[in-house]
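What follows draws every value from the coordinates through simple rules; no lab data is involved. Please read these numbers as outputs of a predicted model, since none were measured by experiment. Cβ coordinates were reconstructed from backbone atoms using ideal geometry, including for glycine residues, and neighbour counts include every protein chain displayed.
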Amino acid sequence: MPKQIVDAEFEALVARVRAFPEGVAVDALMDALLAAGEVAVRRTVQRRLATLVAAGRLLRTGRGPASRYHAPVASPAREAATPARSVVAPMPPRSVVYPMGEEGLISPANSVSEPAPAVRLPVSPEAIALRQAVLAPQHLRRPAGYNRAWLEAYRPNETFYLPSALRARLAELGRAATATALPAGTHARQVLDRLLIDLSWNSSRLEGNTYSLLETERLLALGESAEGKNAAEARMILNHKTAIELLVDQADEIGFNRYTVLNLHAILAEGLLPDDRACGRLRVIPVGIGGSVFHPLADPGAIEECFARVLASADAIRDPFEQAFFAMVHLPYLQPFEDVNKRVSRLAANIPFIRQNFSPLSFVDVPEQDYVAGMLGVYELNRVELLRDVFAWAYERSCARYAAVRQSLGAPDPFRLRHRELIARVVGEVVRGALGRAAAVAHVRREAVAAGLPEADQRRLTHEIESSILDLHEGNFARYRVRPSEYHRWRAVWSG
């Protein structure tokens, strides 16, 4: 059992870490202790740091040699969310146990990835207390089963996990980067190149994926896997890319319905499950989550019923931010799939933002430890305070990113918006067909005429398609649903 953090040695260690506002690595901390004339054994210091992190007194970012320790800074208390009933009943052990990093693909403890930027996520006092509770030693936490009453107590548009002031503030930030009167998915299409990289990398990073940001960019642009990396990691990132493209391409059709959520899972889980038939299919076997005392539902019939309830409740929520957060809470809490539940929830959280042209949520810089602790609060205690703070902070961070991207792009062109699908289709046909310059010109003119537009609009359409072809490069061809091999084959013909 870890030593209680009440004595002077632990307090002194916290004070030492607090002297480094940007965080401190173990080596630098040992140097500081030595410079102050304090004799300390490295392994003892490491054990004490781990105990302080488990108790919520310190934060840790990065992994392995890249780990840095930070003293948390609390933010002012936020308005409390509407309470819901909480009845926790223990469940029997499960037959499959997945590590907390995501239900089992990659163990963060074995990762040596480039760490996310060292950031301090400000959280409310309620969230601090919750983090301390869920990071206590596992044997001290009370086992918890799936609490169906918590889901059933939620009344869309009457119950709110996000306070009204927070929802209003996030809406103001999200609208600053776009215009809601445009067709669904317009803003996401405008920032798609950046979004594919950001969301694919950050969502995968939260699962312990060891790809760096630049390695992810190269994988998505050229299809080149990073040397020495696990093939499953590349698959995870590429699956994210395909899933994001589905959401953006079908912005008018996606929603909190079986088609969208099941297909999101099928895409995100492709090639990553022991049984490929489980992709896009609700769970029929018991599962568990390593590092947690939470026991998910085991009965397939109950999973089916609760899944329908989650989708119906989410679909009925009118506020896009409450809707997104509800999905982040209840999809992973139910664990409707054998694996990949949190990834589904993070992409599903973007459904209302894509449909209503708010800035997307890409989890930029979100510390893995805070996200995991927030999910533990949901799993074990049915409390959302910490995950709510993570969600709000992450959305503010994402808004700042895409406001800058959007500003660099300028105002959207109404003509291109009206004909975006036709333009994308013809550009894709030119590339996939490996057409040379003369053949491409002829094909574009045929398609412009076949569109049945007035002559002036035909000329404009021809110009827009040809400009898009000329602007193609290794960093943007994915938007036309072109594979890397198809792009390189076309480029060889085009440049020949």
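Output ³J(HN,Hα) for the stretch 433-444: one whole-Hz value per residue in order, computed from phi by the Karplus curve 6.51 cos²θ - 1.76 cosθ + 1.60 with θ = phi - 60°, and x for Gly and Pro.
In residue order, the calculated couplings are x, 6, 7, x, 5, 5, 5, 5, 4, 5, 5, 4 Hz.
Under the rule a/c < 1.5 gives rounded, and otherwise a/b versus b/c splits prolate from oblate, where does the stretch 8-70 land using the Cα gyration tensor?
In terms of gyration-tensor shape, rounded.
Residues with beta-carbon under 12 Å from that of Asp27, excluding Asp27: net charge, scoring Lys, Arg +1 and Asp, Glu -1?
It works out to a net charge of +1.
Restricting to DSSP loop positions (anything but H, G, I, E, B) with no more than 14 other Cβ atoms inside 10 Å of their own Cβ, which GluC sites (Glu not before Pro) remain in the stretch 208-248?
Glu224, Glu227
Using θ = phi - 60° and the Karplus relation 6.51 cos²θ - 1.76 cosθ + 1.60, list the HN-Hα couplings for the stretch 476-484 in order, rounded to whole Hz, with x at every Gly or Pro.
Per-residue couplings from phi come out as 9, 5, 5, 5, 9, 6, 10, 7, x Hz.
How about the stretch 423-496: which trypsin sites (Lys or Arg not before Pro) there lie in a loop by DSSP and see at most 10 other Cβ atoms within 10 Å?
none
Per the Kirkwood definition applied to all pairs of different Cα atoms, how many angstroms is the hydrodynamic radius of the stretch 97-409?
19.5 Å
Along the stretch 290-302, what does the Karplus equation 6.51 cos²θ - 1.76 cosθ + 1.60 (θ = phi - 60°) give for ³J(HN,Hα), rounded to whole Hz, x for Gly and Pro?
Ordered by residue, 3J(HN,Hα) equals x, x, 10, 9, 7, 10, x, 3, 10, 7, x, x, 5 Hz.
What's the exposure ranking of Thr61, Thr186, Thr44, Thr159, going from fewest to most Cβ atoms within 10 Å?
Thr44, Thr159, Thr186, Thr61
Please arrange Val431, Val441 by how many other C-beta atoms lie within 10 Å of their C-beta, fewest to most.
With the fewest neighbours first, Val431, Val441 line up as Val441, Val431.
Based on the Kirkwood radius over alpha-carbon pairs, what is the Stokes-Einstein translational diffusion coefficient of the stretch 209-299 at 20 °C with 1.002 mPa s viscosity, in µm²/s?
Rounded to a whole number, D works out at 141 µm²/s.
Show me the trypsin sites (Lys or Arg not before Pro) within the stretch 334-403 that DSSP assigns to loop and that have at most 16 other Cβ atoms within 10 Å of their Cβ.
Passing sites in the stretch 334-403 do not exist.
Rounded to whole Å and sorted largest first, what semi-axes of the equivalent ellipsoid does the C-alpha gyration tensor of the stretch 136-271 yield via the square root of 5 times each eigenvalue?
Those come to 29, 25, 16 Å.
What are the radius of gyration and Dmax of the stretch 414-495, computed over its Cα atoms and given in Å?
Reported Rg and Dmax, both Å: 12.2, 37.
Using Cβ contacts closer than 10 Å as the measure, can you line up Ser359, Ser292 from fewest to most?
Ser292, Ser359
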